[in-house]
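Remarks on the structure that follows.
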Amino acid sequence: MQPFPVPPDEIPVGGVWQRGRGSASRCVDPADGSVVASIHAADSAQVDAAAAAGAAAAADPAWRDLLPHQRARLLCRVADAIEEHASELALLQTRNTGKALAETSALVASAAGTFRYYAAALETLEGELPPRRGPHLTMSVHEPIGVIGAITPWNSPIASDAQKIAPALAAGNAVLLKPAEATPLVSLALARLVHAAGVPAGLLSVLPGPGSVVGDAIARHPRVGKLAFTGGTATGRVLGRIAAERIIPVTMELGGKSPTIVCPDADAESAVAGILYGIFSSTGQSCIAGSRIFLPRAEYSAWSRLLTEGAGALRLGPGTDPSTQVGPLATFAHRDRVAGMVDRARDEGARVLCGGRIPDSPRLAQGAYYLPTLLAGLAVDAKTCQEEIFGPVGVLLPYDDEEDLVAQANATAFGLACGVWTEDYRRALRLAQRVEAGTVWVNTYKQFSISTPFSGVKESGLGSDKGRLAIRSYQRQKSVYLGLAEEPIGWALR
Ligand code: ADP
C-alpha cells in the first residue's frame, strides 16, 4: 500500500488554516482500529470568525462582481484539482470511513464532476423579464444569499460536501461546512484544493466538531442565511426548528427506509444483483439503501433463497483490498448500534436468514465489521421495518397483490427511494407513480446523476439537491422595476 501521510491538525477558518480550539477528536480507521489523525474541533469564536470572513469574502467585489463564466472557470479548476489528487482523496476517505476504494474513487470522481457540472450550469442560468403590465420594465434577478451553513454526514463526505459547496459557490456565496465529527479528513483535504484552485480562501471554512455544538452554532449564526443539511431525520427536525425561528431557508436530505420491489416477472439475475447492491454496498450506510425487500408471496421461498445465497457470498474486508465488496461500518460505535438493532429485531420475532452477527474470521477481528444480514418474519409495522438501521441489514417482506404491495411500501414515515424489478413497463410506471418516494429506480438501483434532482418526500427531506436549479436554491430572487413613464405618478399631484 502507498505511504499514508498523517493529515495536519488544522482547519480553515475564514481563510486562515489554524488549530481548532474545541475538543480533539480521533479519526479512526474502522478496518483495523488504527488512529489516522487527530483533529481539534472548531469553537464558537472560530465559527464567528469564519462567518464574518465568509460574509466579507462574499461581498468583496473581487468575488461578487465576477461574471458567471469567470466564476465557472474557478469551479472547473477545483474539478481539475480534485482529479489530480483523486487517488490520495480516495485513500484518505477509505481510511477515515472504511468504504471500499472502488466506492471512494467513484465518490471523488463524482465530486469533480459536480464542480464541473455547476460550472457549466452557472453559465446557462438566466434571469427573467416578466411581461409588462404598466409603464415599467420589470427584471427578476437572482442574487447570492451570502453565507451558507452546510452540514454533512459521515457516509459519503466528499460527494455530499461537493453537492453543497459547488452550487453554493456557483451561486456566489461563501460556505461554512460542518463535516461529521468522525470523518472530517476528506472535507479538510477538499478545502485545501478549493483554495489552491484560486477560490478566495475566506469563501470556504471547514468547521469540524460535534453537531450539537459546532453545527448548532453555525445554524444559529446571524450571518448564516441558509442551511443545507444531509443527515438523520431527528437532526433535520432540530435544524428545521432553528430555520423556522430565524426565518431562513433550509434544504434537507434525510433518512429512508426504501422499498425494493420484486415483481413476479422480474429477471432473477438482475434483480438479485441489484437488490444486493442496493442494500449491502457501502455496508448499508446509505440513506437510499433498499432496506425493505418486497417479494411476491407465491414465490417468496425461491427469491428468499437466491438473496440469502447471494448475501452469504459477499466478500468482507478492508476497503483498501480491491476484492472487498463489504467494508467495515464507519465506526465501532455504529457497528455496535447496528448489532443492537438486529438483536431488537430478534426480540420482535425476526428470523435471521443470514448474518446477524459480527464475523468470527481472525482476519476481520480488529475492524468494525458486521455480516450482511437478511431478516424475515416481521410485519411491515415492526420497529425494524420502520426505523432506519443504516447498516447491512435488509428485511424480506411478502406481498399478495399490487394493492397490498403499494399499501405496505407506503407504510413508512419515509419517502426517499424505491426500486422496482419487472419486465412490464406499464406495471413499472404504475408503481413509480403510486409509491411515495423522491427517486424511483426501475430495473436498476442506487444510480445517480448530478444533473438529476434528488429529493425526499414525507420525512425524508425538504427541497432538492443536484440538478442545475440547485444553484437557485442558494440564491434569493429580487424584482427590479424600471419606471418608463415620462409623466410623474399622478396621485400626489393636485
Ligand atoms: P447521522 O445519523 O447520519 O450521523 P446526523 O443527523 O446525526 O446523521 O449527523 C449529520 C450531521 O449533522 C453531522 O455533521 C452531525 O455532526 C450534524 N449534527 C448532528 N446534530 C446536530 C445538531 N443538533 N445541530 C446541528 N448539526 C448537527
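The values are calculated or read from the model by the stated rules, or taken from the named source; none is laboratory data. Because the structure is a prediction, the values reported are computed rather than measured. As a convention, Cβ positions derive from the backbone with ideal geometry for all residues, glycine included, and neighbour counts pool all protein chains shown. For the accessible areas, the whole protein counts, side chains as well, though only heavy atoms, and no ligand, DNA or RNA atoms are used. Shrake-Rupley method; radii C 1.70, N 1.55, O 1.52, S 1.80 Å.
Annotations for the structure displayed:
- Whether segment 259-442 is rounded, prolate or oblate, judged on the alpha carbon gyration tensor where a/c under 1.5 counts as rounded: prolate
- For segment 179-296, alpha-carbon Rg over 2.2 N^0.38 Å: 1.43
- Mean-position separation - Cα centroids, segment 229-292 and segment 116-171, in angstrom: 25 Å
- Antiparallel bridges, percent of DSSP beta bridges restricted to the chain (to nearest 5): 40 percent
- The shape of segment 427-488 can be summarised by an equivalent ellipsoid whose semi-axes, obtained from the alpha carbon gyration tensor, come to 40, 14, 12 Å from longest to shortest.
- Segment 472-494 and segment 375-418: distance between their alpha carbon centers, rounded to Å: 54 Å
- Net charge over other residues, Cβ less than 10 angstrom from the Cβ of residue 160 (K, R count +1; D, E count -1): -2
- When the solvent-accessible area of segment 259-442 is split by element, carbon and sulfur atoms take up 52 percent of it, the probe being 1.4 Å.
- Segments 60-71, 218-229 sorted - mean Cβ within 10 Å per residue, highest first: 218-229, 60-71
- Ordering of 177-186, 266-275, 204-213 by burial proxy (mean other Cβ atoms within 10 Å per residue, highest first): 177-186, 204-213, 266-275
- Taking segment 259-442 and dividing mean pair separation by its residue count, relative contact order in percent (alpha carbons under 8 Å, at least six apart): 28 percent
- Of all accessible heavy-atom area on segment 36-79, the percent that carbon and sulfur account for (1.4 Å): 57 percent
- Residues residue 17 and residue 413, FRET efficiency given R0 of 35 Å [Cβ-Cβ distance, rounded to 0.05]: 0.25
- Hydrodynamic radius by Kirkwood, which averages 1/r over all alpha carbon pairs of the chain, in angstrom: 23.7 Å
- A 1.4 Å probe run over the protein chains yields, for the chain, 41 Å² of accessible area per residue, whole-number rounding.
- Residues residue 124 and residue 9, FRET efficiency given R0 of 41 Å [Cβ-Cβ distance, rounded to 0.05]: 0.50
- Atom-type composition of the exposed protein surface of segment 82-155 places 59 percent of the accessible area on carbon and sulfur (1.4 angstrom probe).
- Rounded to 0.05, the FRET efficiency of the residue 481 and residue 62 pair, given R0 = 35 Å and the Cβ-Cβ distance, is 0.70.
- Antiparallel content of DSSP bridges confined to segment 259-442, in %, to 5: 15 percent
- Amide H contacts for residue 255 (H built 1.01 Å from N in the peptide plane; partners 5 or more residues away or on another chain; cut-off under 5 Å): 233.
- Segment 369-451: C-alpha gyration tensor shape, a/c 1.5 cut-off, then a/b vs b/c: oblate
- Annotation for segment 197-212 versus segment 4-73: alpha-carbon center distance of 3 Å.
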